[in-house]
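Reviewing the structure listed below.
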Amino acid sequence: MATATSTDKSERLEFSAERAVQVHDLMVKTRVLEERLITMYKQGDGYFWIGGPGEEAFNIPLGMMVDKGQGLAHDYVHLHYRSAGTLLAMGASPVDFLRQMKNTATDPFSGGRNFAGHASIRKWNVAPITSPIEIQYSIAPGTAMAQKRHGGTGITIVQGGDAGTAEGDFATCLVWSSRKGAELPVLMIVTNNRFGISTPYESQHGEKYIADRGKAFGMETAVIDGNDPESSWAGLSKAMHYVRTERRPYLLEVAVSRLYGHSSASGANYNKEQLDCLTAYEAKLEQRGVLTRAAMDAVRERYTNELSEAAKIVRDEAQPDGSTIFDHVFASKNLVGGEL
Ligand SMILES: Cc1ncc(C[n+]2csc(CCOP(=O)(O)OP(=O)(O)O)c2C)c(N)n1
Ligand SMILES: [Mg+2]
């Protein structure tokens, strides 16, 4: 059972009706996408599923708040395999996630060569998502260092799970982001679902909160409830404002749920014991009179139909030709402007 950590009351906020509808729409869109990907996997239209159902209430506010663009003036985004919600909120198309699941040549993230959920979007500074966990935390100080030299307000955002924080890469990020006089504009995010595959948090962590580890490095830290989009928004606003203006690191721990288990390797079945952020937010919106049950059902039906049609299109798209097997494996003239 995911335990949500409550934030300070003063940090609570209530969205305008317009923002609430927008956030809800993206939460439903993301959930329907993940459910479609699971269905594709179970139908044999993909060989593995991993994703982020249960993290929508945090990942969507994150995607909406990123300063999106290419180059050092904008944010760099180093995500992990549960981040579809962030990318949809940034404007990515759900069809492209279906393409990667089906490993078609049309997959814009990897040309049909990588796992589901492993996006890479150069025009928005979204670094390639990796299967080895946590290495994004070793890479993040590099983009942050370049941003600090460049000046401006662009920040580096890096996100991973709780179990991965045992890896040396997490320590690398703590150390390199916080060196005295050379602090870096890095927002370190740990989405804590209290599991590393099947290993419970309690059996692996001596520390009560992962965020507390940042304190030893002089970092600002917070623990927030990622099962509520308004708490997420408040916590992210504070953290992002600090990193953008102070040009120093911040460690944000976010309590989230894991609604379909770890991945297809653990069955990818809905877990009723976890708090479902979408159900909880819908109850809130209905009670506040922002959306009716019928209106919310209509949103879900629209996306379900859209994604079902999209899956039919993707089913007929070609897989990559064998001759492309080494494309993008080594740096080429396309990347460095000259033959190596
Ligand atoms: C370096 C490395 N070690 C082990 C694995 C196998 N592995 C994949 S996901 C995972 C658990 C990650 O748990 P956590 O960091 O809490 O993220 P979550 O999946 O819960 O979001 C492990 C051990 C891996 N992919 N890479
Ligand atoms: Mg975890």
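Pick from R82, R99: which is surrounded by 20 or more Cβ atoms within 10 Å (Cβ to Cβ), within 16 Å of ligand 1 (Cβ to nearest atom) and charged (D, E, K, R)?
After applying the criteria, what remains is R82.
Looking at segment 148-163, is at least one residue more than 16 Å from ligand 1 (Cβ to nearest atom), touching a residue at least 24 places away in the same chain (Cβ under 8 Å) and touching a Gly at 6+ places or on another chain (Cβ under 7 Å)?
Within segment 148-163, none of the residues are more than 16 Å from ligand 1 (Cβ to nearest atom), touching a residue at least 24 places away in the same chain (Cβ under 8 Å) and touching a Gly at 6+ places or on another chain (Cβ under 7 Å).
Quick one: how many residues across segment 208-223 are within 16 Å of ligand 2 (Cβ to nearest atom) and either in contact with a helix residue (DSSP H, G or I) (Cβ under 6 Å, 6 or more places away or on another chain) or within 23 Å of E56 (Cβ to Cβ) (or both)?
Number of matching residues: 4.
Given the condition away from ligand 1 (no atom under 16 Å from the Cβ) and of a type outside the set (K, R), answer yes or no: does some residue in segment 115-122 qualify?
yes
Hey, among S231, S257, which residue is among the hydroxyl-bearing types (S, T, Y) and more than 15 Å from ligand 1 (Cβ to nearest atom)?
Details: S257 fails: more than 15 Å from ligand 1 (Cβ to nearest atom).
Only one candidate qualifies: S231.
Taking the criterion of being modelled with pLDDT under 95, over 30 Å from L98 (Cα atoms), hydroxyl-bearing (S, T, Y) and surrounded by fewer than 16 Cβ atoms within 10 Å (Cβ to Cβ), would at least one residue in segment 12-32 satisfy it?
No, segment 12-32 contains no residue that is modelled with pLDDT under 95, over 30 Å from L98 (Cα atoms), hydroxyl-bearing (S, T, Y) and surrounded by fewer than 16 Cβ atoms within 10 Å (Cβ to Cβ).
Tell me which residues, restricted to segment 148-177, are within 16 Å of ligand 2 (Cβ to nearest atom) and either among the acidic types (D, E) or in contact with an Asp or Glu (Cβ under 8 Å, 6 or more places away or on another chain) (or both).
G160, D162, G164, T165, E167, D169, F170
May I ask you to list the residues in segment 126-147 that are buried (at least 21 other Cβ atoms within 10 Å of the Cβ), among the polar types (S, T, N, Q) and within 13 Å of ligand 1 (Cβ to nearest atom)?
Result: Q136, single match.
Can you find a residue in segment 226-238 that is of a type in the set (S, T, Y), in contact with a Gly (Cβ under 9 Å, 6 or more places away or on another chain) and more than 18 Å from N59 (Cβ to Cβ)?
Among the residues of segment 226-238, not one is of a type in the set (S, T, Y), in contact with a Gly (Cβ under 9 Å, 6 or more places away or on another chain) and more than 18 Å from N59 (Cβ to Cβ), which makes the answer no.
Suppose we filter segment 247-267 for residues that are over 14 Å from I157 (Cα atoms), touching a residue at least 60 places away in the same chain (Cβ under 8 Å) and away from ligand 2 (no atom under 15 Å from the Cβ); how many remain?
Selection size over segment 247-267: 1.
Quick check: anything in segment 197-210 of a type outside the set (V, I, T) and crowded, with 20+ Cβ neighbours inside 10 Å?
no
Under 6 Å between Cβ atoms, at least 6 apart or on separate chains: pull out the pairs that start in segment 268-286 with a residue that is surrounded by fewer than 19 Cβ atoms within 10 Å (Cβ to Cβ) and end on any residue that is part of a loop (DSSP other than H, G, I, E, B) and polar (S, T, N, Q).
Correct list of pairs: empty, since none qualify.
Tally the residues that are touching a residue at least 60 places away in the same chain (Cβ under 8 Å) and either more than 16 Å from ligand 1 (Cβ to nearest atom) or under 15 Å from G261 (Cβ atoms) (or both), restricting the search to segment 178-208.
Total satisfying the criteria: 11.
The values are calculated or read from the model by the stated rules, or taken from the named source; none is laboratory data. What you see is a predicted model; the values in this text were computed from it and never measured. Glycine gets a Cβ as well: all are built from the backbone with ideal geometry, and neighbour counts include every protein chain shown.
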